[in-house]
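Input: a single structure, listed below in structure tokens.
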Amino acid sequence: MSLHSFGSVLGGSRTLVSLRLVVDNVLERLHAEFGQLLQVMSLETDENRKHLLLSYFHSARQQLLRLVAIVTWSPKSKALMECVDHGKVLDVARQHAQMLDAAAAELFQAHMRRQPDFCPMFDVHTALEVLST
């Protein structure tokens, strides 16, 4: 693993998105999907309408449950944001990853330098015993 592979994942603090923007986007998307569904439903049979409505409401329910989880979690996130902003947690993690990468590279280079010095140690005594029997 190289130094460059950590840069994209641990690139420092990211921009924040307001909770209001997230809620607005989810609700606008649900409204637009419902409008498209109403247009499509006029051409469908009764059974297909029921199936389309069921799948839409199932999808909308999942999205709204995720939104509730985010809204419920958001007051707790203030402490986390303080840690990220003040301690630059991602920057420290990137530095640690770079140090680990450098240490692994040094260990590999040391192994490659010492490898020619090693010679195989054959067990001659046991080999003679096996051959003599």
Condition test on S59, is it open to solvent by less than 70 Å² (accessible area, probe 1.4 Å), under 25 Å from the mean Cα position of the chain (by Cα), over 30 Å from R94 (Cβ atoms) and small (G, A, S)? yes
Residue ID - farthest from the chain's Cα centre (by Cα), chosen from residues in the stretch 43-56 that are surrounded by 11 or more Cβ atoms within 10 Å (Cβ to Cβ) and not charged (D, E, K, R): N48
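The values are calculated or read from the model by the stated rules, or taken from the named source; none is laboratory data. Everything numeric here is computed off the predicted structure, so don't read it as measured data. So basically every Cβ, Gly included, is an ideal-geometry build from the backbone, and we count neighbours across all protein chains shown. Remember, those area values only see protein heavy atoms, side chains included, never the ligands or the DNA or RNA. Shrake-Rupley method; radii C 1.70, N 1.55, O 1.52, S 1.80 Å.
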